[in-house]
1. Reachable lysines from Lys236, Cα under 30 Å, same-chain residues fewer than 8 places away excluded?
2. Taking θ as phi - 60°, what are the ³J(HN,Hα) couplings along the stretch 171-177 by the Karplus curve (6.51, -1.76, 1.60), each to the nearest whole Hz, with x for Gly and Pro?
3. For the chain, which whole-number percentage of the solvent-accessible area (1.4 Å probe, protein heavy atoms only) is attributable to carbon and sulfur atoms?
4. Going toward the positive end of the dipole of the chain, with +1 on Lys and Arg Cβ and -1 on Asp and Glu Cβ, which of Val220, Gln274, Gly337 do you reach last?
5. Quickly rank 367-378, 326-337, 108-119 as a protection proxy: mean count of other C-beta atoms within 10 Å, highest first.
6. Go through the stretch 376-386 residue by residue and turn each phi into a ³J(HN,Hα) via Karplus (6.51, -1.76, 1.60, θ = phi - 60°); whole Hz please, and just put x for glycine and proline.
7. Toward the positive end of the charge dipole of the chain, about the Cα centre and with charges on Cβ (Lys, Arg +1; Asp, Glu -1), which of Pro14, Thr121, Ala65 goes farthest?
8. Kirkwood hydrodynamic radius, the stretch 182-329, all distinct C-alpha pairs: what's the number in Å?
Amino acid sequence: MRLAKLIAQVPASPIGQMFNRATALRTSGRDLIDFSLGEPDFDTPDHICAAGVAAILGKQTRYTASDGTAELKDAVRRKFLRDNGLTFARSEVVIAAGAKPLIASAMQALLDPGDEVILFTPVWTSHVGMVQACGAKPVLVAVADGAAIDVQACAAAITPKTRLLLICSPGNPSGAVVTRQELGALAELLRRNPGIAVISDDLYEHIVFAPAQFCTLAEVAPDLADRILTVNGLSKAYAMTGWRIGFAGGAEWWVNGLRVLFSQTNGGPCSISQIAGIAALDGPQDFLIERAKVYERRRDIALQAIDKINLLSAIKPDGAFFIYVHCGNCIGLTMPGGGKIRTSTDLADYFLEAGVVTVPGAAFYADPYLRLSIATSDANIIEGLQRIRSACAALLEEGE
């Protein structure tokens, strides 16, 4: 027996592989500081949990429509209008069991084998895998440190086969935020190329640090609304990773394609999670600002510590809860027990032995870097980076 040729060509997620290795070490009793998780360390707010409990007690536990309940769609519509100035009809909104499968399904509904998809690197590894799973070709466009997109490089990458462009802002892993001016320039490029659709992955929308400001493409270029799918979810901002609710607003032709796909492949999202999602979107929003300030403080603590490590450097991110650390000065050095650091993966393995879990830049198609998640306590950030500092100090140059 064999897998489908298409799936056999899709690599396993390097983030998942690192997670599995760390889990095995932790199970064996190792003390690890984990900088790998793309998950808030906050708890889901009480009022959201209470809505979920009430849904269970109220026996609201049956199937829903495969694309979500009307009530949650209306809450999503209110969110888009309140936060982004976007107006969607209910028929233009779809709910899914997480933003990740929603984006993958949106690609399935759009792409044919051989189509090309432009992605900006560093790029979240699953965005690439989703394209490959459709039989399409990921076209990777590199951007400078601290930038989220490069419009000129994007223009050079467009071919007659380009079908889709994906934007992720704030970015994973870079934390870079696309500016309104950059989105305006990108919109001009798209107007000259009417056959290209856009997925805007806005999942980290509420984790942005001043003076940066969040904006999304459909807000900046409403005339392009018929080919933009704006995707968001509850996992990052509302600390609802396990509740699995993602949502999107876009033109009916695309959303209807998702409905057809969901009707054949997905059950509706969890009924309890959807009711909790209404409480999240319609309830108090002030804690989002408070939590963003916590992430900003953690970012600054981490950057101060990284600045004291001679072999590493980092650009200050404007959003999300990651720091993308340049580690090129470690390449070619020798570990204390022998063996050279030849790649960022080697370095991540070395830091893992030192008790710190990181993700190598190869996972994001931009090297030599490491991604550090600051979705952990101040104490863990300080201790973890001290371990990294000690491990870097122990690396040897040739002949030492």
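The values are calculated or read from the model by the stated rules, or taken from the named source; none is laboratory data. Model, not experiment: these values are computed from the prediction. Backbone-built Cβ (ideal geometry, glycine too); neighbour counts: all protein chains shown. Side chains are part of the model used for accessible areas, which takes the heavy atoms of the whole protein and leaves out ligands, DNA and RNA. Shrake-Rupley method; radii C 1.70, N 1.55, O 1.52, S 1.80 Å.
1. Hits, sequence-local ones excluded: Lys59, Lys73, Lys79, Lys100, Lys137, Lys293, Lys308, Lys316.
2. Those phi angles translate into x, 10, x, 7, x, 6, 10 Hz.
3. 54 percent
4. So the residue furthest toward the plus end is Gln274.
5. Taking the mean over residues of other Cβ atoms within 10 Å, the ranking is 367-378, 108-119, 326-337.
6. 8, 6, 4, 4, 5, 4, 5, 5, x, 6, 5
7. Ala65
8. About 18.1 Å for the stretch 182-329.
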